[in-house]
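What follows is a short report on a single structure.
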Amino acid sequence: MSACACGNTAPKYPELQEILSRHEGEKGSLIPILQEVQAAYGYIPEDVIKEISLALDIPATTIYGVATFYAQFHLKPRGRHVVRVCQGTACHVRGGARILAEVEKELGIKPGETTEDLRFSLEPVACLGCCGLAPVMMVDEDTHGRMTPDKVASVLARYE
Amino acid sequence: METITLTIDGREVQAAKGMTVLEAARAAGIKIPTLCYHPELRPEGACRLCVVEVKGAKSLVASCVMPASNGMEVYTNTPFVREARRTALELLLANHPFECLTCDRNGNCELQTLAHDLGVREVRYQGEKRNVPKDTSSPALVRDPNKCILCGRCVRMCGEVQNVNALGYVGRGWDTLILPLFNRNLAEVACVACGQCSTVCPTGAITEKSYVDEVWKALGDPKKHVVVQTAPATRVSVGEALGMAPGSIVTGKMVAALRRLGFDRVFDTDFSADLTIMEEGHELIERLKEGGPLPLITSCSPGWVKYCEHFYPELLPHVSTCKSPQQMFGAVAKTYYAEKMGLKPEDVYVVSIMPCTAKKFEAQRPEMTASGVPDVDAVLTTRELARMLKEAGIDFEGLPEEEYDAPLGISTGAGAIFGATGGVMEAALRTVYEVVTGKTLESLDFTAVRGLDGVKEASVDLDGKTVKVAVAHGLANAKKVLDRIKAGEADWQFVEIMCCPGGCIGGGGQPIPVDREKRAARIKAIYEVDASMPLRKSHENPAVQTLYKEYLGAPLSEKAHELLHTHYTPRSRF
Ligand code: SF4
Ligand code: SF4
Ligand code: SF4
Ligand code: FES
C-alpha cells in the first residue's frame, strides 16, 4: 500500500489491516469490509475510508457514497448505549413526543446524535412494535413501558 | 466495422454494432432529449428523459444505455413516450428553485431548454424545495446544490476524465446530494479547481466564482492603473461565447472591446508565454546538462500543478519551477512595467482573461507576490468577459481590429500555441533547438505533439543528441504518464501536462457546451494564429529581449528567479 501524504503513517487501525487482508484480491468486497469495520469500531471513521480507498483503489467519494446510502452504516462514533423512543401512533396518542423531548433535554442531543462522552446515542425510530406498553422507550435491548417524562432521568441513570 | 439495421419511427436506420439506441438515433438525425447523458462520459441512465418505446419490451427503455440491435423497432415520439418524459422532467422541476432570471446559466441551461422544448407549461407536482447553503469556499467555483438535478455528470467528469474524484453522491432517496468528499466544502478537499465539472453541468449548480464586480470597481477607480492580459486560448473562444462559430479568431476585436471597457493598457499573456519559454527552455537545458531531475514537467497549468501537489507530491521536484505565464505577467507588470511607468506596484491592478477556473486559485496562492502584493488581482474566465461585454452593450462582431499595447503586448506564435495541448512543448522545442544547436530550425512545426490523442510521444534530434518528450492532456491521461515516471519506466526528458482535455482551449472557463469538434475547431484556430505571426519563436520576441537587457539580465538569473519562479506545497490526496 502506498503511503498517503496526510502524514498518518503508523497504522492507527490494526483491525482494519486484518479485515483488508482477509478480503485481499476479492471482488465486490467493499460492503463486507464496511460491515466488518463497523463491527470492529462501532462506526466507519473517515480515516478508515481513506485507508480502504488506498488499499482497494476505489475513490473515497465512492466509498462514502456507499456508506451513506445504506442505513445500516454509521459515520459517527456511537454511544455505549442506544436510546430509542417510540413515535408510533399508540405512543404518540399517549404522549410519546413528550418522552422524546424529555430524553433530548436530559441528554442534550437530537435523534441521530451522540452525547460527547459517548455514553448515549439517540436513534430516530417510528414504531418499536410494543403498543400495549405505550408510551415506550428502549435502551439497548431493554424495553421501558408506560413511560412518563419524570421517569426518564432515572431510567437513563441505570446505564453507565 | 459491423453494421446493424433497426427501424426508428418507421424508418430503416443503419448503425455501427455497439452503438446505443440513442447514438443510432442521433446518427440518423433523430433527436431524443437527454439530461444525464453526455457524449464524452460513460452513460448512467439516471434521468429517464431519453426513454423510447421498443417493440416487445415490457416498459419504456432509457435509450442512452440500451444497446441497439438488429431488427429492433424503436419509437421515439409516441404519446406514452412524451408523457413519460414530461413527467420525469416535471418531477425534477418540482423541487427546483425557479430562479432563471438571476441564474448564471439563464439562456444556456439544459434544464431550462428541455422545459421549453418538452412543452412544460405548468408543473403538476409540488415538492419541498431543498434549502442547502451555497458553497462559496473555493476561489474558483461556486456550488449551489439546490439547483442540482443529480444527473451525476460532474461526478463522472471529475472521476473518469480528471481522475480526481472530489465529488460524489451522498445519502439516498430525497436526501441525496452531490457533495465534495465527507460533506466538506470544495476548498477543503482535493479538488484541483479545473472547473471541468462546471462545463458539463447542465444547470447552474456548479459555476465559476465571478470576479466581474471587482473588475468593474477597479475600472471605475481613478487611482488604479488597470491593465489586462489575455490568455492565448481566449482569442479563439470569446467570439464563440458571444454566439460566433467555434474557432472564430477574434484577437483584434477582443483588444478593441477591452479598450472600450476602460482598461488602461491591453496586454497579452502570449508575451509572458514567450518569457516562460525562455526560463523553462533554459531550465531544461540546465537539467539536461546537470542530469536532472528529469523528465522536466511543465508548470503552466495550475490545475495540473495542484493535482501533482495532491496526488503525486513525490514528483514535485520534476515540475518546472517556472511560474505560469499568467503569474509571470503579473510579476513583470508590477515591477519592471510599474517602474517604467513611475507607478507603485499597489497602484497597478492586473486583470487576467483566462480560459481557466484554476487560474483563479493560482492567482490567490500566497507565494505569488513577487512585488509584495499579489501578482494578479482578478481573474475572469472567457465566459465572464463575454458577460461584461454584453452588460456594456458592446457590439462585439462590429468592432474594428485593434493591436495590443507595447511592450507587454508583443508576442510570437510560440506564445499563442500555449493554448493547445502540445503547444508549450512545441514552443519550447523551437527555442531549445536553436539555443542548443546554434542552428536555425528548418520547419517550425512539430506536428507529432499536436492533436487530440490523450498521450503523445516524440523524439527530437538536437544535433546528435536525442530528446524524448511526452504530452498529456486531461488528468486521467496525465496519470498514465505520471505512473510510468514514478515506476521508473519512462525515458522522457521533457513532459508537457495540461489539466484540461485539449489543453487551455478546453479549459473550465471556456464557452459551454463543449465537445470534441468544438475543441478541434479552437485548436485549428490557435495554429492559424501561430502561422500568421511574423515571429514564431519565443527567443525572437523583441520585448522579451529588451526585458532581459534592461531588467532581468539573463534567463535563470537571480532577478529572474526572484520574480518568475516559484515552489510547490505537498497536499493531502483527500
Ligand atoms: S439552473 Fe437552469 S432552470 Fe435552474 S434556475 Fe438556473 S437557468 Fe433556471
Ligand atoms: S473543479 Fe475539477 S477537480 Fe474540482 S470538483 Fe470540479 S472537476 Fe473535480
Ligand atoms: S452539480 Fe450539475 S452536473 Fe453535477 S449532478 Fe448536479 S446538475 Fe448534474
Ligand atoms: S439521458 Fe438517458 S437516462 Fe438520462
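The values are calculated or read from the model by the stated rules, or taken from the named source; none is laboratory data. Worth saying up front: this structure is predicted, and the values here are computed from it rather than measured. Reconstructed Cβ throughout: ideal geometry from the backbone, glycine too, with neighbour counts over all protein chains shown. The area values use the complete protein model at the heavy-atom level, side chains included, leaving out ligands, DNA and RNA. Shrake-Rupley method; radii C 1.70, N 1.55, O 1.52, S 1.80 Å.
You can think of it this way: the chain between B:Leu315 and B:Lys289 has 7.4 nm of extra reach, that is 0.36 nm per residue less the Cα-Cα gap. Using R0 = 60 Å, the C-beta based FRET efficiency linking B:Ala16 and A:Thr148 works out to 0.25. Highest mean packing comes first when the peptides B:413-425, B:472-484, B:363-375 are listed by Cβ atoms within 10 Å, giving B:413-425, B:472-484, B:363-375.
Give me the inter-chain shielding for B:179-185: mean count of other chain Cβ atoms within 10 Å, whole number please. Display every interim value, and only then the final one.
Details: counts 4, 1, 10, 8, 3, 1, 0.
What the average comes to for B:179-185 is 4.
Which residue, A:Glu18, A:Glu102, A:Glu36, tops the fluctuation ranking in a GNM of chain A built on C-alpha contacts under 10 Å? So, out of A:Glu18, A:Glu102, A:Glu36, the one fluctuating most is A:Glu18. Hey, quick one: spin label on B:Lys134, modelled 7 Å out along Cα-Cβ, who in the stretch B:351-367 has an amide N within reach, i.e. under 18 Å? The answer is B:357, B:360-361. Summing charges over neighbours of B:Val332, with a neighbour being any other residue whose Cβ is under 13 Å away from its Cβ, gives -2 when K and R count +1 and D and E count -1.
Our note on the geometry: Cα centres of the stretch B:300-370 and the stretch B:438-494, 25 Å apart. Legend: mean number of C-beta atoms from other chains within 10 angstrom of residue C-beta atoms, peptide B:154-167, equals 2. Can you list the lysines whose alpha carbon is less than 22 Å from that of B:Lys209, not counting same-chain residues fewer than 8 positions off? The qualifying lysines are B:Lys134, B:Lys147, B:Lys217, B:Lys306, B:Lys359, B:Lys360, B:Lys390. A simple charge model with +1 on the Cβ of Lys and Arg, -1 on the Cβ of Asp and Glu and nothing else charged puts the dipole of the protein assembly as shown at about 1680 debye relative to its Cα centre. Between A:Arg22 and B:Lys559, the FRET efficiency from the beta-carbon distance, with R0 = 51 Å, is close to 0.25. Per-residue surface analysis assigns B:Arg259 an accessible area of about 70 Å², computed on protein heavy atoms at 1.4 Å probe radius. Spatial offset of the stretch B:146-202 relative to the stretch B:6-63 amounts to 26 Å, using the alpha carbon center of each. The stretch A:25-40 and the stretch B:524-561 have Cα centres spaced 57 Å apart.
If the cut-off is 20 Å between C-alpha atoms, which aspartates and glutamates fall inside it for A:Lys50, apart from same-chain ones fewer than 8 positions away? Straight-line reach from A:Lys50, under 20 Å: A:Glu15, A:Glu18, A:Glu24, A:Glu26, A:Glu36, B:Glu160, B:Glu188, B:Glu309, B:Glu314. Using a simple spin-label model with pseudo-atoms 7 Å out from Cα toward Cβ, B:Glu528 and B:Glu99 lie 3.9 nm apart. In the structure displayed, which of B:Lys223/B:Lys518; B:Lys480/B:Lys524; B:Lys340/B:Lys456 lie more than 31 Å apart, Cα to Cα? As for pairs spanning more than 31 Å Cα to Cα, those are B:Lys223/B:Lys518; B:Lys340/B:Lys456. Its Cα centre serving as origin, chain B has a Cβ charge dipole (Lys and Arg +1, Asp and Glu -1) of approximately 1540 debye. Comparing B:Val155, B:Thr136, B:Gly173 along the charge dipole axis of the stretch B:130-208, the residue lying farthest to the positive side is B:Gly173, per the Cβ-charge model. A simple spin-label model places the labels of B:Ala57 and A:Glu15 4.6 nm from each other, with each point 7 Å out along Cα-to-Cβ. Restricting the trypsin sites (Lys or Arg not before Pro) of the stretch B:146-252 to loop positions (DSSP other than H, G, I, E, B) with no more than 13 neighbouring Cβ atoms within 10 Å leaves B:Arg172, B:Lys223. Once Lys and Arg get +1 and Asp and Glu get -1 on their Cβ, which of B:Ile417, A:Pro14, B:Ala256 lies farthest toward the positive end of the dipole of the protein assembly as shown? Projecting each Cα onto the dipole axis, the largest value belongs to A:Pro14.
P(r) for the stretch A:14-69, please, calculated from all Cα pair distances in 5 Å bins and given in %. Reading upward from the zero bin: 4, 20, 38, 28, 9, 0.
Projecting the Cα atoms of A:Gly25, A:Ala40, A:Gly79 onto the charge dipole of chain A (Cβ charges, centred on the Cα centre) puts A:Gly79 farthest toward the positive pole.
Restricting the calculation to Cα atoms, the protein assembly as shown yields a radius of gyration followed by a Dmax of 29.5, 98 Å.
Please state the relative contact order of the stretch A:81-157 as a whole percent: Cα pairs under 8 Å, 6+ residues apart? If you can, show how the numbers build up before the last one.
Numbers: 125 pairs, mean separation 30.2, N = 77.
The normalised contact order for the stretch A:81-157 reaches 39 percent.
Peptides B:226-234, A:104-112 ordered by packing proxy, namely the average of other Cβ atoms within 10 Å per residue, highest first: B:226-234, A:104-112.
Between B:Asp395 and A:Glu46, the FRET efficiency from the beta-carbon distance, with R0 = 45 Å, is close to 0.25.
In loop segments of the stretch B:87-122 as defined by DSSP, the GluC sites (Glu not before Pro) with at most 11 further C-beta atoms inside 10 Å of their C-beta are B:Glu122. Evaluated at q = 0.06, 0.12 Å⁻¹, a Debye calculation over the C-alpha positions of chain B (equal weights, vacuum) places log10 I(q)/I(0) at -0.32, -1.17.
Rounded to the nearest 500, the helix-only mean residue ellipticity at 222 nm of the protein assembly as shown stands at -9500 deg cm²/dmol, with each DSSP H run of n ≥ 4 adding -39,500 (n - 2.57). Among the listed pairs B:Lys439/B:Lys537; B:Lys439/B:Lys468; B:Lys465/B:Lys549, those with a Cα-Cα distance over 23 Å are B:Lys465/B:Lys549.
Within the stretch B:86-182, the chymotrypsin sites (Phe, Trp or Tyr not before Pro) that combine a DSSP coil assignment with at most 11 other C-beta atoms in a 10 angstrom radius are B:Phe98, B:Tyr125.
Long hydrophobic helices in chain A: none of the complete DSSP H runs spans 24 Å or more by Cα along its own axis with mean Kyte-Doolittle hydropathy of at least 0.0.
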